[in-house]
C-alpha cells in the first residue's frame with residue numbers, strides 16, 4: 001500500500017499526487033515508469049513519474065483523468081492508499097552532453113519532462129522547452145518549466161495565450177529559422193509525439209519519444225506493449241519506453257491503443273453508475 | 001506364507017463437470033474424490049517392497065507411506081507424510097504430469113492401471129484444507145538461526161525453496177514482481193484447472209512458516225541481486241520464472257486481437273478479465289479464436305477462450321496429435337469441450353481490417369518427414385495448399401525466452417547460449433558466490449513440479465553451504 005501525501009488538481013482533468021514509495025524514489029532515473037493498480041479489482045497500467053524526492057521517499061505523478069483507472073486514482077484523497085505501485089520499470093533516458101536540446105511536452109507529458117530537464121542541465125546541456133496546451137485554462141507548470149529551462153516557449157491551440165498553435169508548429173519554425181538542435185525529446189499523447197517527430201524529421205534532428213502503450217505486467221512477460229520500431233517488434237516495457245520517433249510505426253501504436261475502446265466505455269459507465277458522488281467531487 | 005492378494009485393476013474414476021456445462025464456466029473441472037473413493041483407490045496399492053513410484057517423483061514424496069495412511073483412514077498422518085516432502089500438495093495433485101512420473105513407474109502401470117497417486121495427493125491436501133485445526137497442530141516450530149535468505153519470485157520454485165529454508169530456521173524474504181504470490185500458478189494456469197484459493201491456501205501455509213513476501217518488487221530494477229547480498233542477506237535464490245513470449249514472426253502479428261498466450265492467460269487468470277466489468281481488466285475473444293501450438297499452455301488458452309464465450313476455438317498445430325507435447329488428459333478435456341484441432345497446419349500471415357484488428361489468418365498444410373533433433377517427425381510445408389479462415393482473435397502459444405532483467409543487472413552471472421542462467425542441476429548453484437537459481441530461468445520452460453524440485457534442491461544446498469561457512 002502506498003500513501004498519497006499530497007493531491008492537487010492542476011487544471012481541469014489533470015491531477016498531481018505525491019505518493020510515499022521510498023524504495024522506488026531511491027532508485028528511479030529519468031525516463032523510467034511505474035505500473036499502478038489502484039484497488040483490488042483494478043487493472044495494471046503504466047504511468048511516468050513527474051519528479052521524486054529521494055530523501056523524503058516521495059514520487060510525483062501527474063495524470064490525465066481519462067478512463068476507469070485514472071478516475072479511481074482521481075477519487076483518492078490525501079491519506080488514501082494506492083494498492084500497488086511496481087517500479088521503477090523500463091530503461092532510463094540516455095543523459096549525456098548533447099549541446100542544444102529541445103524538450104517538447106503537452107498534457108501529462110509535462111510531468112516526465114521535469115526530471116528530464118533537470119538531468120540534461122546537470123550534464124551542461126542548453127535546454128529550450130516548449131509546452132503545448134489546448135487553451136490557456138489547460139496550461140500548467142509554466143513557472144516550474146520556465147525556472148528549470150534556459151528558455152521556455154508556449155504554444156496554445158486556440159490562441160488564448162502565448163503563441164497560437166502546437167508544439168510541432170514551434171519545432172518546425174524553430175528549426176526552419178536555423179536554430180541548432182542536437183536532440184529533441186517529446187513527451188505527450190501519441191498523436192502529439194507523432195506530430196513532433198514529423199516536424200523534426202526533415203531536419204534530421206534525432207528525436208526521442210516516450211511511449212505508453214497498454215501494458216499488463218510491465219516486466220517483459222506478456223508482450224501486450226509491443227510496438228514496431230524501424231520495422232522490428234519491440235516490447236516497450238523492457239526495450240523502451242523511449243524510442244527513435246522517426247522509426248516508430250505511429251499508426252500501429254495508435255490503433256493498438258484503441259483495442260479496448262468499447263470495453264473501456266462499458267467499464268467507465270459501470271464505475272460511474274456506482275460512484276456518481278465521487279465524480280461530483282473530482 | 002501369506003496368500004498372494006489379487007490385484008485390483010479398476011482405477012476409481014474422478015468425478016468431473018460435464019463437458020457441455022463446464023465449457024461455460026470457470027469452476028474446477030475435476031471435482032476430487034470423496035473419502036470412500038479415496039480409500040477405495042488407496043486400497044488398490046499393494047505396498048511394494050521396491051516402490052517404483054517414489055523414484056518417479058521429483059521431490060521424493062513417500063508415496064506408499066501416505067497411501068497406507070489413507071488405507072487406514074488416518075488422514076492427519078497422510079498429511080504429515082506428504083507435507084514432510086512436499087510443501088504444495090494441493091497444487092501438485094492437480095497439475096503434475098503424474099502419467100510420466102510417479103504413476104508411470106508405479107508397478108501396477110505395467111498392468112495398465114497405476115494407482116491414481118495424483119488424485120490421492122489432491123484428496124489429502126483438500127482434506128487438510130477442510131480441517132484447519134489439524135494443520136494448526138502440525139505447524140512446525142521454526143527457531144530462527146539468524147541467517148537471512150532472499151528468494152526472487154513466488155512461483156513453484158520460489159515457494160518451495162522458501163518453505164524448505166524456513167523449516168530449517170532461516171529468515172526468508174520473497175521478492176515478488178506482481179501484486180499476488182504464486183507466479184505461473186496465478187497468472188498462467190486457469191482457475192478451472194487450479195483454483196486460485198487453493199494456490200493462496202498453499203501460499204498462506206508458506207507464510208505461516210514465517211516467510212515474508214514483498215510485492216511489487218521487480219528485482220534488477222528496484223534492487224539488484226548484488227544489492228540484496230550487500231544488504232545483509234546471506235544467499236539469494238533466483239526463480240523469476242518465464243520471460244518474453246515467442247511469436248510466430250509472420251506478417252500481421254501486431255494487429256489488435258493477437259495475444260501471446262502469456263497475455264491472454266494473465267488477463268484472464270491473474271486480472272480476472274472473465275469477471276469484467278466487475279474487474280477492470282478487459283479481454284476480447286469474439287466468435288472465432290485460433291490458438292497456435294500444441295503444449296499445455298495451448299490447451300489452457302483454448303479452453304479459456306471457450307469459457308470467455310467464443311463459439312469456435314481452433315488449435316492450429318504443425319505436427320500431428322502424437323507429437324503434441326500437451327498432457328493427454330488436458331488434450332482430451334479440450335476435445336470433449338469442443339475445441340477443434342487443425343493438425344498438420346501452419347499459419348502464413350494474419351489479415352486485418354481498417355481498424356487494425358485481426359480478421360483472418362492464412363494457413364497452409366504440412367506433412368511429416370524424417371525425425372528431427374527432437375526425435376519427432378519434422379513437419380514439411382505442402383505447396384499450393386493455402387487457405388484462409390476468418391478469426392476474431394489469435395493466440396500464439398509457442399513458449400517463452402528467458403527474461404533479460406536479472407541476467408543483465410547482476411554482475412558475474414554466467415549465462416547459457418539460450419540466455420538462461422548457468423546453473424548446476426544437482427545444487428542450483430550459479431557461477432556467482434551466494435547466488436542460486438531454479439525454475440524456468442535455469443532450465444527454460446518446464447513443469448511446475450520440476451521447478452519445485454529445483455527449489456527443494458537449492459534449499460538443501462543453501463543450507464549445506466551456510467552450515468559449512470559458519
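Within the stretch B:50-65, is there a residue that is modelled with pLDDT under 95, more than 27 Å from the chain's Cα centre (by Cα) and closer than 30 Å to residue B:425 by Cβ? For the stretch B:50-65, residues modelled with pLDDT under 95, more than 27 Å from the chain's Cα centre (by Cα) and closer than 30 Å to residue B:425 by Cβ: present. So which residues in the stretch A:250-276 are facing chain B (nearest Cβ under 8 Å), closer than 21 Å to residue A:208 by Cβ and surrounded by 18 or more Cβ atoms within 10 Å (Cβ to Cβ)? Of everything in the stretch A:250-276, those that are facing chain B (nearest Cβ under 8 Å), closer than 21 Å to residue A:208 by Cβ and surrounded by 18 or more Cβ atoms within 10 Å (Cβ to Cβ) turn out to be A:252, A:256. The residue that is surrounded by the fewest Cβ atoms within 10 Å (Cβ to Cβ), counting only those in the stretch A:85-103 that are within 11 Å of chain B (Cβ to nearest Cβ) and in contact with a strand residue (DSSP E or B) (Cβ under 8 Å, 6 or more places away or on another chain), is A:91.
Has the stretch A:198-221 got at least one residue that is within 14 Å of another protein chain (Cβ to nearest Cβ) and without any contact (Cβ under 8 Å) to a residue 40 or more places away in the chain? Yes, the stretch A:198-221 has at least one match.
If you go through the stretch B:312-342 and pick out every residue that is buried (at least 18 other Cβ atoms within 10 Å of the Cβ) and part of a loop (DSSP other than H, G, I, E, B), you end up with 7.
Taken over the stretch A:71-84, residues that are touching a strand residue (DSSP E or B) at 6+ places or on another chain (Cβ under 6 Å) and either under 30 Å from residue B:409 (Cα atoms) or within 11 Å of another protein chain (Cβ to nearest Cβ) (or both) amount to 3.
Name the helices (runs of 4 or more DSSP H) wholly within the stretch B:1-61 that hold at least 2 residues that are in contact with a strand residue (DSSP E or B) (Cβ under 6 Å, 6 or more places away or on another chain)? Hits in the stretch B:1-61: none.
Let's see how each residue does on (1) at pLDDT below 95; (2) within 17 Å of residue B:158 (Cβ to Cβ):
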{"position": "B:363", "(1), (2)": "no, no"}
{"position": "B:397", "(1), (2)": "no, no"}
{"position": "B:425", "(1), (2)": "yes, no"}
{"position": "B:463", "(1), (2)": "no, yes"}
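For the stretch B:248-270, filtering for residues that are over 18 Å from the mean Cα position of the chain (by Cα) and at the interface with chain A (Cβ under 7 Å from one of its Cβ atoms) leaves 2.
Residue B:279 meets all of the listed conditions (1) closer than 30 Å to residue A:275 by Cβ; (2) out of contact with any strand residue (DSSP E or B) (no Cβ under 9 Å at 6 or more places or on another chain); (3) crowded, with 21+ Cβ neighbours inside 10 Å but one, namely (3).
Report yes if residue A:144 is over 30 Å from residue B:263 (Cα atoms), touching a helix residue (DSSP H, G or I) at 6+ places or on another chain (Cβ under 9 Å) and within 14 Å of chain B (Cβ to nearest Cβ), otherwise no. Judged against the criteria, residue A:144 is not a match. When residue A:229 is tested against (1) touching a helix residue (DSSP H, G or I) at 6+ places or on another chain (Cβ under 9 Å); (2) surrounded by fewer than 17 Cβ atoms within 10 Å (Cβ to Cβ); (3) within 14 Å of chain B (Cβ to nearest Cβ), only condition (2) is not met.
Here's a check for you: in the stretch B:184-201, which residue that is more than 16 Å from residue B:267 (Cβ to Cβ) and out of contact with any helix residue (DSSP H, G or I) (no Cβ under 6 Å at 6 or more places or on another chain) is farthest from the other protein chains (Cβ to nearest Cβ)? Going through the qualifying residues, I end up with B:193.
Applying the set (1) at negative phi; (2) away from chain A (no Cβ under 14 Å); (3) in contact with a strand residue (DSSP E or B) (Cβ under 8 Å, 6 or more places away or on another chain) to residue B:181 leaves exactly one unmet item: (2). For the stretch B:350-378, taking the residues that are within 21 Å of residue B:315 (Cα to Cα) and without any contact (Cβ under 8 Å) to a residue 40 or more places away in the chain, the one that is surrounded by the fewest Cβ atoms within 10 Å (Cβ to Cβ) is identified as B:367. Give the residues of the stretch B:327-349 that are in contact with a strand residue (DSSP E or B) (Cβ under 9 Å, 6 or more places away or on another chain) and free of Cβ contacts under 8 Å to residues at least 60 places away in the same chain, sorted by residue number. If the condition is that a residue be in contact with a strand residue (DSSP E or B) (Cβ under 9 Å, 6 or more places away or on another chain) and free of Cβ contacts under 8 Å to residues at least 60 places away in the same chain, then B:331, B:334, B:335, B:339, B:340, B:341, B:342, B:343, B:344, B:345, B:346 are the ones that fit.
Annotation note: of B:294, B:352, the sole residue that is within 14 Å of chain A (Cβ to nearest Cβ) and either more than 23 Å from residue B:448 (Cβ to Cβ) or at pLDDT 95 or above (or both) is B:352.
Residue pairs whose Cβ atoms lie under 8 Å apart, separated by 6 or more positions or on different chains, with the first residue in the stretch B:200-215 and without any contact (Cβ under 8 Å) to a residue 24 or more places away in the chain and the second buried (at least 20 other Cβ atoms within 10 Å of the Cβ), are B:200/B:181; B:200/B:182; B:207/B:213. The residues of the stretch A:70-79 that are surrounded by 17 or more Cβ atoms within 10 Å (Cβ to Cβ) and more than 16 Å from residue A:214 (Cα to Cα), listed by number, are A:71, A:72, A:73, A:74, A:75, A:76.
The values are calculated or read from the model by the stated rules, or taken from the named source; none is laboratory data. Bear in mind the structure is a predicted one, so any value in this text is a computation, not a measurement. Cβ: placed from backbone, ideal geometry, glycine included. Neighbour counts: every protein chain shown.
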